[in-house]
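Worksheet: the structure to be examined is printed underneath.
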Amino acid sequence: MILFYMMAALFCSFLLSAVIVKAAERMQIWWHYVDKEAYFKAVEREGHYYVANIPRPSFYQTTQTDHFISEFCDFLQTYTVLIPSMAGNCVAIFLFYRNKLRKPIEELAQTSKRIAENHLDFNIVYKAPPTA
(Lines give C-alpha, C1' and ligand atoms only; values in the text may rest on other atoms or scores of the structure.)
Protein backbone atom coordinates (compact mmCIF):
# COMPACT_ATOMS: atom_id res chain seq x y z
CA MET A 1 0.00 0.00 0.00
CA ILE A 2 2.84 2.39 0.69
CA LEU A 3 4.04 1.83 -2.86
CA PHE A 4 0.71 3.17 -4.12
CA TYR A 5 1.10 6.30 -1.99
CA MET A 6 4.70 6.78 -3.12
CA MET A 7 3.91 6.25 -6.80
CA ALA A 8 0.99 8.70 -6.63
CA ALA A 9 3.20 11.26 -4.88
CA LEU A 10 6.00 10.85 -7.42
CA PHE A 11 3.59 11.13 -10.34
CA CYS A 12 2.02 14.31 -8.95
CA SER A 13 5.40 15.82 -8.09
CA PHE A 14 6.68 15.01 -11.58
CA LEU A 15 3.75 16.83 -13.16
CA LEU A 16 4.15 19.79 -10.81
CA SER A 17 7.89 19.91 -11.51
CA ALA A 18 7.33 19.87 -15.25
CA VAL A 19 4.89 22.78 -15.02
CA ILE A 20 7.20 24.83 -12.80
CA VAL A 21 10.28 24.18 -14.95
CA LYS A 22 8.37 25.13 -18.12
CA ALA A 23 7.15 28.34 -16.46
CA ALA A 24 10.69 29.18 -15.32
CA GLU A 25 12.02 28.58 -18.83
CA ARG A 26 9.45 30.95 -20.29
CA MET A 27 10.61 33.78 -18.01
CA GLN A 28 13.28 34.88 -20.45
CA ILE A 29 14.67 37.86 -18.59
CA TRP A 30 17.90 37.65 -20.61
CA TRP A 31 15.95 38.49 -23.80
CA HIS A 32 15.74 42.14 -22.68
CA TYR A 33 19.56 42.36 -22.68
CA VAL A 34 20.31 40.67 -26.03
CA ASP A 35 21.19 42.42 -29.26
CA LYS A 36 18.09 41.16 -31.06
CA GLU A 37 19.20 42.32 -34.51
CA ALA A 38 22.44 40.36 -34.29
CA TYR A 39 20.57 37.33 -32.97
CA PHE A 40 18.00 37.30 -35.78
CA LYS A 41 20.68 37.89 -38.41
CA ALA A 42 22.67 34.93 -37.09
CA VAL A 43 19.58 32.71 -37.09
CA GLU A 44 18.67 33.86 -40.61
CA ARG A 45 22.21 33.29 -41.87
CA GLU A 46 22.69 29.88 -40.23
CA GLY A 47 19.20 28.45 -40.74
CA HIS A 48 16.18 27.49 -38.70
CA TYR A 49 17.99 24.86 -36.62
CA TYR A 50 20.74 27.22 -35.53
CA VAL A 51 21.21 27.34 -31.78
CA ALA A 52 22.63 30.65 -30.63
CA ASN A 53 24.91 30.70 -27.64
CA ILE A 54 23.76 33.79 -25.79
CA PRO A 55 25.95 34.74 -22.84
CA ARG A 56 24.14 35.50 -19.64
CA PRO A 57 24.06 39.19 -18.78
CA SER A 58 26.12 40.00 -15.72
CA PHE A 59 24.72 41.38 -12.48
CA TYR A 60 25.96 44.86 -13.40
CA GLN A 61 24.10 44.86 -16.73
CA THR A 62 20.69 43.95 -15.28
CA THR A 63 18.37 45.64 -12.86
CA GLN A 64 18.21 44.21 -9.38
CA THR A 65 14.70 42.86 -10.00
CA ASP A 66 15.69 41.20 -13.27
CA HIS A 67 18.75 39.66 -11.65
CA PHE A 68 16.62 38.29 -8.80
CA ILE A 69 14.03 36.86 -11.21
CA SER A 70 16.77 35.32 -13.34
CA GLU A 71 18.46 33.71 -10.34
CA PHE A 72 15.12 32.50 -8.98
CA CYS A 73 14.25 30.91 -12.34
CA ASP A 74 17.66 29.20 -12.36
CA PHE A 75 16.99 27.92 -8.85
CA LEU A 76 13.59 26.59 -9.94
CA GLN A 77 15.05 24.87 -12.99
CA THR A 78 17.75 23.26 -10.87
CA TYR A 79 15.87 22.18 -7.74
CA THR A 80 12.23 21.90 -8.78
CA VAL A 81 12.45 18.18 -9.39
CA LEU A 82 13.95 17.58 -5.97
CA ILE A 83 11.76 19.78 -3.78
CA PRO A 84 8.27 18.60 -4.88
CA SER A 85 9.37 14.96 -4.94
CA MET A 86 10.67 15.20 -1.37
CA ALA A 87 7.53 17.04 -0.26
CA GLY A 88 5.36 14.50 -2.07
CA ASN A 89 7.17 11.62 -0.39
CA CYS A 90 6.71 13.25 3.02
CA VAL A 91 2.99 13.66 2.32
CA ALA A 92 2.78 10.03 1.14
CA ILE A 93 4.47 8.77 4.30
CA PHE A 94 2.21 10.92 6.47
CA LEU A 95 -0.93 9.66 4.70
CA PHE A 96 0.24 6.06 4.97
CA TYR A 97 0.88 6.51 8.68
CA ARG A 98 -2.47 8.23 9.24
CA ASN A 99 -4.48 5.73 7.24
CA LYS A 100 -2.71 2.45 7.96
CA LEU A 101 -0.38 2.62 10.97
CA ARG A 102 -1.83 5.05 13.50
CA LYS A 103 -4.64 2.85 14.89
CA PRO A 104 -2.53 -0.32 15.30
CA ILE A 105 0.20 1.68 17.02
CA GLU A 106 -2.36 3.28 19.35
CA GLU A 107 -3.71 -0.20 20.18
CA LEU A 108 -0.20 -1.42 20.96
CA ALA A 109 0.46 1.62 23.15
CA GLN A 110 -2.75 1.05 25.14
CA THR A 111 -1.97 -2.65 25.47
CA SER A 112 1.57 -2.01 26.68
CA LYS A 113 0.20 0.50 29.20
CA ARG A 114 -2.18 -2.18 30.57
CA ILE A 115 0.69 -4.67 30.80
CA ALA A 116 2.85 -2.08 32.57
CA GLU A 117 0.03 -1.55 35.11
CA ASN A 118 -0.07 -5.35 35.58
CA HIS A 119 -3.59 -5.69 34.13
CA LEU A 120 -3.05 -8.93 32.27
CA ASP A 121 -6.62 -10.18 32.01
CA PHE A 122 -7.68 -8.81 28.63
CA ASN A 123 -7.89 -9.69 24.96
CA ILE A 124 -6.67 -7.65 22.08
CA VAL A 125 -9.20 -7.30 19.30
CA TYR A 126 -8.19 -5.24 16.34
CA LYS A 127 -10.01 -5.25 13.05
CA ALA A 128 -7.85 -4.09 10.19
CA PRO A 129 -9.58 -1.72 7.78
CA PRO A 130 -10.35 -3.27 4.41
CA THR A 131 -7.62 -2.83 1.85
CA ALA A 132 -8.38 -1.34 -1.50
### Query
Can you give the accessible area of Met1, probe radius 1.4 Å, in Å² rounded to 10?
90 Å²
### Message
Tell me the angle of helix 82-96 to the major Cα principal axis of the chain, expressed in degrees between 0 and 90 and rounded to the nearest ten.
### Response
20 degrees
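Classify region 31-132 as rounded, prolate or oblate from the Cα gyration tensor: take a ≥ b ≥ c as the square roots of its eigenvalues, call it rounded if a/c is under 1.5, otherwise prolate when a/b beats b/c and oblate if not.
Values: a/c = 8.65, a/b = 3.72, b/c = 2.33.
Because a/c hits 1.5 or more and a/b exceeds b/c, region 31-132 counts as prolate.
About the Cα centre, and with charges only on the beta carbon of Lys, Arg (+1) and Asp, Glu (-1), how big is the dipole of the chain? Nearest 20 debye, please. Show your work: numbers first, answer last.
On the way: 13 positive and 12 negative charges, 114 e Å.
Using Cβ point charges on Lys, Arg, Asp and Glu, the chain gives about 540 debye.
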### Task
Give, in nm to one decimal, the length gained when the segment between Ile105 and Ser58 is fully stretched (0.36 nm per residue of separation minus the Cα-Cα distance).
11.3 nm
### Label point distance in nm, Glu117-Ala42, each placed 7 Å from Cα along Cα→Cβ
7.9 nm
### Query
What distance in nm separates the simple spin-label points at Cys12 and Tyr49, each placed 7 Å from Cα in the Cβ direction?
4.2 nm
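Per-residue ellipticity at 222 nm for the chain, helices alone: DSSP H runs ≥ 4 residues times -39500 (n - 2.57), over residue total, nearest 500 deg cm²/dmol? Could you put the intermediate results ahead of the total?
Working: 5 runs with 82 residues, N = 132.
Taken over the chain, the calculation gives -20500 deg cm²/dmol.
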#### Entry: J(HN,Hα) series, region 21-29, from Karplus relation 6.51 cos²θ - 1.76 cosθ + 1.60, nearest Hz, glycine and proline x
5, 4, 5, 5, 5, 6, 7, 8, 4
### Query
Any idea how far the Cα center of region 103-130 sits from the one of region 1-19, in Å?
35 Å
### Query
If you take the charge dipole of the chain about its Cα centre, with +1 on Lys and Arg Cβ and -1 on Asp and Glu Cβ, which of Leu10, Ala38, Asn118 is farthest toward its positive end?
Asn118
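The values are calculated or read from the model by the stated rules, or taken from the named source; none is laboratory data. This structure is a prediction, so every number in the text was calculated from the model and none was measured. Backbone-built Cβ (ideal geometry, glycine too); neighbour counts: all protein chains shown. Each accessible area value is taken on the protein alone, full model and side chains, heavy atoms only, with ligands, DNA and RNA left out. Shrake-Rupley method; radii C 1.70, N 1.55, O 1.52, S 1.80 Å.
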